[in-house]
Amino acid sequence: MLDWNPNDPDTVKVHYDVSAWSIDQRAELSEALAEEDLAHVWEDDELIVPEALEADVDLLFERLEAVLGPFAVRLGPDEAGVEFGLDEWPAGDRSTLTQALIEAEVPHRWDGTTVIVAADAEATVDDLLDGIEQGTLVVAGGDQEAVAPEDALSTLFSSADRLAKDPDDDGGREQLLDMAGQLDRNRPAYGISAATWSRCMDAVDALVAVLDSPETSSSDVIGAAQDLRSRVRQYV
């Protein structure tokens, strides 16, 4: 990790405002920063890193957004906006609106049941509200199951373990391919963060590709199976 002193007045620092991120998204960010050994400090809702790491952190944000995003665009407390009072709306509809605002990249903030949006997005938000009231607006992922199959992790571990020990194990191969066909990057296994699940899926895809390749050697299968096994071991 880069040795730096965030309190040094001569140190050039880069600030990232993540005030609009959910608690889970911030936890994912903290985990990723630790895994990448990127020096940083937190000041309230801001992540602060040394200028020397700006490019690395920008890339990290891009990777996280691909897994967790899109992220909310926050309308600052001092920024003027248009208010929509939604106190009579059910909580589910307000949640749908929040997701729609995020996907549409509309700057916004909530004050209780009132949402304040950027003035230049008023027409867009009117359309979103109409869509929710008419039942025609469905946010991405709204009809998907919340999690992967209950036995996903144990099946991945057992099949990977069998193939790591015997790359010609037809039962392990069949078990792995069957489960892989049921998995979705947007449906993490219960208790697994989205970023961790994405890395597990990378290992699953790599093993499936090796199994499907006519040029695969036994050592290729063993290596890919060992990688998948190590990624899911702690969760079974």
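No lab work stands behind these numbers, since they all come straight from the coordinates. It should be emphasised that the depicted structure is a prediction, and the values quoted were computed from it without experimental measurement. Please note: Cβ atoms are built from the backbone with ideal geometry, for glycine as well, and neighbour counts cover all protein chains shown.
Numbers below:
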item: Residue with peak Gaussian network fluctuation, the chain [Cα springs, cutoff 10 Å], from GLU103, GLU28, GLU150; result: GLU150
item: Two-decimal log10 I(q)/I(0) for region 13-68, as the Debye equation yields it once each C-alpha is a single scatterer, q = 0.14, 0.15, 0.27 Å⁻¹; result: -0.32, -0.36, -1.32
item: The chain: angle of helix 194-212 to the longest principal axis, Cα-based, in degrees nearest 10; result: 30 degrees
item: Distance (nanometres) between label positions extended 7 Å along Cα→Cβ at GLU65 and ASP205; result: 1.9 nm
item: Percentage relative contact order, the chain, counting C-alpha pairs under 8 Å, at least six apart; result: 15 percent
item: Spin-label zone in region 96-114 - amide nitrogen under 18 Å from a point set 7 Å from the Cα of ASP44 along the C-beta vector; result: 108-111
item: Values of log10 I(q)/I(0), in the order q = 0.15, 0.17, 0.19, 0.31 Å⁻¹, for region 81-134 under a Debye, Cα-only, solvent-free model; result: -0.33, -0.44, -0.55, -1.60
item: Nearest 10 degrees, 0 to 90: helix 54-68 Cα axis against the chain principal axis; result: 80 degrees
item: Cα-based Kirkwood hydrodynamic radius, the chain, one decimal, Å; result: 20.9 Å
